[in-house]
Amino acid sequence: MWFIFALLSAIFAALTSILAKVGIEGVNSNLATAIRTVVVVIMAWGMVFLVNAQSGIADISRKSWIFLILSGLATGASWLCYYKALQLGEASKVVPIDKLSVVFTLILAFTFLHEQFTPKSLIGCILIGAGTLLMAL
């Protein structure tokens, strides 16, 4: 089931890029990011209440709060940079560079989460990196 959700995430991310590129025309990139963020907040809290998960707030540990807040800050920084890049550049060049996040995530997962580093992971990282450079240049 995780694969289906991951695939849907990729499809929605692709739509996000195309819709954002069209929508950001003539709009300040920070304002566009703020508008997008409000929509995401409404959707996320809507899902929380739809599945009746709001009671779990009290059970969140201090450590989880800290890391979720840091994750939110990283997401905000990523979105602000992404929208500015998308406003200044072509979507077909910005998006592949943004997807280098896959390579960075693997490196961070191996380093900090001690996830298994395999030859397959190394080859994948190299291919993603090379593909990104090929598409962006």
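Quick notes on this one:
- Alpha carbon centroid spacing (whole Å) that separates region 87-122 from region 20-58: 24 Å
- Each residue of region 17-33 is assigned a 3J(HN,Hα), and the resulting list reads 4, 5, 5, 5, 4, 6, x, 7, 4, x, 10, 4, 5, 5, 5, 4, 5 Hz, derived from the Karplus form 6.51 cos²θ - 1.76 cosθ + 1.60 (θ = phi - 60°), x at Gly and Pro.
- Among Met43, Met135, Met1, the ranking by other beta carbons within 10 Å of each residue's beta carbon, starting with the fewest, stands as Met1, Met43, Met135.
- Likely footprinting exposure, Cys125, Cys81, fewest C-beta neighbours within 10 Å first: Cys81, Cys125
Computed from the coordinates by the stated procedures, all read-outs in this text should not be read as laboratory data. No experiment lies behind these values; they were computed from the predicted model shown. Virtual Cβ from ideal backbone geometry, glycine too; neighbours counted across all protein chains shown.
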